[in-house]
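Notes follow the structure.
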Amino acid sequence: MSLRSDLAVIAAHVAPGSRVLDIGCGDGALMAELEAARGCDARGMELDGALVERCVARGLSVVQGDANVDLADYPDKAFDYAILSQTLQTATRPDRMLEELLRVGRRAFVSFPNFAHWRTRMALLIGGRMPVTRALPLTWYETENIHHVTVEDFRDLARMKGARIERAWFFAGDRQIGAPGANWRAEFAVFELSR
């Protein structure tokens, strides 16, 4: 099974043998890859009970939990990496979520859809409606996205939280693109952070 582009870049940059917490782990695809290919001790947290059951049935160590409150139960620097993929924009308080990621992990990976992508901007400009795009496929009333973050917004948040951006990757569809103009060219972004 091939990984989604953001998960593939994360998997390629997690050091072998690391302890990893995948927050909002979904079906556990990233965790399974990290265990099989990188020899990691991967743990997961997922809100959706059906997805937790699927992960556990696959032999993955996943607990059902709400990262908005349950990350507080983990000790400082308990993991080498804390991963939040395509979940930051669903957090009640993304600023606090980032703070918790950087507290429980020595490093953090965060990926999110970029709401400043040119297709999103055009949908708003021309149609006057919240966009439905390849990266944002649900209508405004169906989506779990409650905070619309852009590449530049995230850079500002990281700076405000005292996080160092170690590396960043940007994607248009499944194709990786360069950093210049990423705020309008990238459909989604991946950042590796440390403190």
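Bear in mind that the values in this text are calculations on the coordinates, not laboratory data. The shown structure was predicted, so the numbers you read here are calculated from the model rather than taken from an experiment. We place every Cβ from the backbone using ideal geometry, glycine too, and count neighbours over all the protein chains shown.
The angle separating the long axis of helix 94-104 from the principal Cα axis of greatest extent in the chain is about 30 degrees. Estimated purely from DSSP H runs of n ≥ 4, each contributing -39500 (n - 2.57), the mean residue ellipticity at 222 nm for the chain is -8500 deg cm²/dmol once divided by its residues.
Among Met160, Met97, Met31, the residue with the largest mean-square fluctuation in a Gaussian network model of the chain, with springs joining Cα atoms closer than 10 Å, is Met160. Hey, with R₀ at 30 Å, roughly what FRET efficiency would Arg121 and Asp66 work out to, going by the Cβ-Cβ distance, to 0.05? So the FRET efficiency works out to roughly 0.40. Residue order for Thr120, Thr92, fewest other beta carbons within 10 angstrom first, comes to Thr92, Thr120.
Stokes-Einstein diffusion of region 1-120 at 37 °C, 0.692 mPa s viscosity, Kirkwood radius from Cα pairs, rounded to a whole number: 229 µm²/s. Among the chymotrypsin sites (Phe, Trp or Tyr not before Pro) in region 16-111, none sits in a DSSP loop with a Cβ that has at most 16 other Cβ atoms within 10 Å. Under a Gaussian network description of the chain, with springs only between Cα atoms under 10 Å, the residue in Ser85, Ser111, Ser61 that fluctuates furthest is Ser61. Between His13 and Arg159, residue separation times 0.36 nm minus the direct Cα-Cα distance comes to 50.4 nm. State the percent of C-alpha pairs, over all pairs in region 146-188, separated by a distance greater than 14 angstrom. I get 52 percent for the Cα pairs in region 146-188 exceeding 14 Å.
Within the chain, antiparallel bridges make up roughly 45 percent of the DSSP beta bridges whose residues both belong there. Thr133 sits among other residues whose Cβ lies under 13 Å from its own Cβ, and their net charge, with Lys and Arg +1 and Asp and Glu -1, is +3. The distance between label points at Glu99 and Glu144 comes to 2.3 nm (points 7 Å beyond Cα on the Cα→Cβ vector). Within the shell defined by Cβ-Cβ distances under 10 Å, the residues around Ile165 carry a net charge of +2, with Lys and Arg each +1 and Asp and Glu each -1. Among Val20, Val104, the ranking by other beta carbons within 10 Å of each residue's beta carbon, starting with the fewest, stands as Val104, Val20.
The local environment of Arg19, defined by Cβ-Cβ distances under 14 Å, has a net charge of 0 under the rule Lys, Arg +1 and Asp, Glu -1. A DSSP coil position with no more than 16 other Cβ atoms inside 10 Å describes the following trypsin sites (Lys or Arg not before Pro) in region 88-151: Arg129, Arg134.
Annotation for region 129-195: GluC sites (Glu not before Pro) lying in DSSP loop with at most 13 further Cβ atoms inside 10 Å of their Cβ are Glu142, Glu144.
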